[in-house]
Amino acid sequence: MSNRVAIAIAAHPDDIEFQMAGTLALLGKAGYKTHYLTLASGNCGSAKYNAAMTRSIRNTEARAAAKTLGAQFHPSITDDLEIIYNLELLRALAAVIREVKPGIVLTHSPQDYMEDHMNTSRLAVTAAFTRGMPNFKTAPPRPTADYEVTVYHSMPHGLCDGLRRRVIPGAFVNTTSVHKTQLKALAVHKSQQNWLDVSQGLNSFLLVLEDMSLAVGRMSRKFKHAEGWRRHLHFGFCAPEADPLAQALGRNCLVNQAYERSLQRGF
Ligand SMILES: [Zn+2]
């Protein structure tokens, strides 16, 4: 049995809003206690302000976005492009996991367009893995606990991997009922509207979310707006078929049977 606690662990302020916020909001409505953590501060997300100023602006925005989603905010632990799979970050993230004791971890896709996202995914997986290992020391030190956790990977940015291949979700979450909340949380990241226009040629980041959730919705053939998820292999985490997300969200979570059939089982 897993705890009715969920944490979204992403790389940068606004990543949760793009890929995970609908699901996080639905879990909140389903009675889960929800948590919000972006590993990096977002300090590189401006061509106008210096790193310290940008860090401060984005911390304020992320805090407000977490509030909009009804999730508990956790401060970032490093800076942009410095999310490296290393011991320091692993110890810090494992301490958060031990404090929160999540039954559900939502994090990035293992394949994505940039290293911060992929390293966040790896760090989140290992931090959750160490929850019951007293010989692995966290920073700050936190006691271990014995419970099940299930890790889910979000869709990558652009819905394809770094080699441009389409990623197919293992499950679709119907985010239509919370879509407005998700847009509202994304709109809080005001500093990014202009920055994304300049750096990536996105005419509006709200439109990006709109397009992406509609595209995943079309893939589901059932929901208007959706988020896609792939469940991490259970070894070291939970029972083989544990799927607390599907359990918590009921009809709002549709397992992709085509994906399930495509899995080549080990043993
Ligand atoms: Zn990002």
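The values are calculated or read from the model by the stated rules, or taken from the named source; none is laboratory data. Nothing here was measured: the structure is a model prediction, and the numbers come from that model. Using ideal geometry, Cβ is built from the backbone for each residue, glycine included, and neighbour counts are taken over all protein chains shown. Please note that ligands, DNA and RNA were not included when accessible areas were found on the heavy atoms of the full protein model with its side chains. Shrake-Rupley method; radii C 1.70, N 1.55, O 1.52, S 1.80 Å.
One table, with the values for the structure above:
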read-out	value
In range of the label at residue 247: residues from the stretch 89-113 whose backbone nitrogen is under 17 Å from the point 7 Å along Cα→Cβ	101-106
Prolate/oblate/rounded label for the stretch 79-236 (Cα gyration tensor, a/c 1.5)	prolate
For residue 160, residues with placed amide H under 5 Å, excluding near neighbours	167
Other-chain or far-sequence residues with amide H under 5 Å of residue 43's (modelled H)	80
Using θ = phi - 60° and Karplus 6.51 cos²θ - 1.76 cosθ + 1.60, couplings along the stretch 88-94 (whole Hz; Gly, Pro as x)	4, 5, 5, 5, 5, 5, 4
Carbon plus sulfur fraction of accessible area for the stretch 96-210, probe 1.4 Å, in percent	57
Amide H contacts of residue 35 (H built 1.01 Å from N, under 5 Å, at least 5 apart or other chain)	6, 7, 8, 72
Accessible carbon and sulfur surface of the stretch 8-77 relative to its total accessible area, %, 1.4 Å	53
Value of relative contact order over the chain, rounded to a whole percent, pairs C-alpha under 8 Å and six or more apart	22
Tally of Lys pairs whose C-alpha atoms are under 22 Å apart, taken over the stretch 65-206, 8 or more apart or cross-chain	6
Rounded accessible area per residue of the chain, 1.4 Å, Å²	47
